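Have a look at the structure below, then the notes.
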């Protein structure tokens, strides 16, 4: 028997085989080694060592060729020659096992492919196809889109208006449309700023809305203009500070969930018209509108930004801030902000009451 050379001992610097085809020299070296193994494998094999010299590149390639053909096997660290017929039978067994596994892998691949292409990919494509975002600037097209979406609604239409309020004529025309969609069983909800109660014409409009059957909530301020139609579509101002400019139309449940959650949050925080009217009447020293102005001022917003958010005139904001500065005995907005920050009890009384 012949001691086995290690894999590292076989030279690897010279190319022996390529694609399973050996050169004639490698085959000759392998054959010579195989014959010596067959002839002297039962002995100590000392006279075979020169042919297996690890420094002999050809001998090393011959050894690897025998391993490749399965003509040598190692038992207890000793190499033995394998009969060519036995090596061929093993090679055929390996091939059949690999072929069977490839067949099973092919069947698995076919099943996975069918599921991905016929079930899961259409599901993703269907969800993606239901999502659409459209940017509209043309005034006539904006109006047409709003009307089409409200006409298509069958469950709920919601609106949220932070201000500034449009002309009363526009609101009255919108009320007529609200009556039309409610007549076919659509629930209509609207969120308006509390500041509407301080304007006689807008306060009257809110009462007209309520009398028509529109569900109303009033909030200190809303984040942005938004119209919702069932759970399918929404129309938002592209720029919250300039709501009369372009709008964004959003379609698809995947996007609508977040916007509906924002709407519901504002709705739950709002007051009914009756409760808001009582609160406004009781608020003699400082109105709810003034409290919001003060809170926004403390957040660092400018007069113009506050006015846009509340839908009021800039002078209204300035009067509320002047009232605050007088009560705080502050000579500047900055000083008023510092006093509010340092006097928690006063800030709580003035802003939250």
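For residue 274 and residue 180 in the same chain, what is the full-extension length gain: residue separation times 0.36 nm, less their Cα-Cα distance, in nm?
31.4 nm
How much space per residue, in cubic angstrom, does the convex hull of the C-alpha atoms of segment 132-278 take up?
For segment 132-278, the hull spanned by Cα atoms encloses 102 Å³ per residue.
What FRET efficiency do you get for residue 323 and residue 201 if R0 is 30 Å and r is their Cβ-Cβ distance, rounded to the nearest 0.05?
0.75
Please compute the modelled spin-label separation between residue 244 and residue 107, points set 7 Å along Cα→Cβ, answer in nm with one decimal.
Once both label points are built, they end up 7.2 nm from each other.
For segment 162-185, list residues with backbone N below 19 Å from a point placed 7 Å from the Cα of residue 143 toward its Cβ?
From segment 162-185, the list is 165-181.
If I model a spin label as a point 7 Å beyond the Cα along the Cα-Cβ vector, how far apart are those points for residue 116 and residue 98 in nm?
2.5
Quick one: if you stick a label point 7 Å off each Cα along the C-beta vector at residue 314 and residue 23, how many nm between them?
9.0
On each of the three principal axes of the Cα atoms of segment 63-151, give max minus min coordinate, whole Å, ordered largest first.
91, 24, 20
Read-outs: derived from the displayed coordinates by stated rules, not from any lab. Predicted, not measured: the structure shown is a model, and the values here were computed from it. Neighbour counts run over all protein chains shown; Cβ positions are idealised from the backbone, glycine included.
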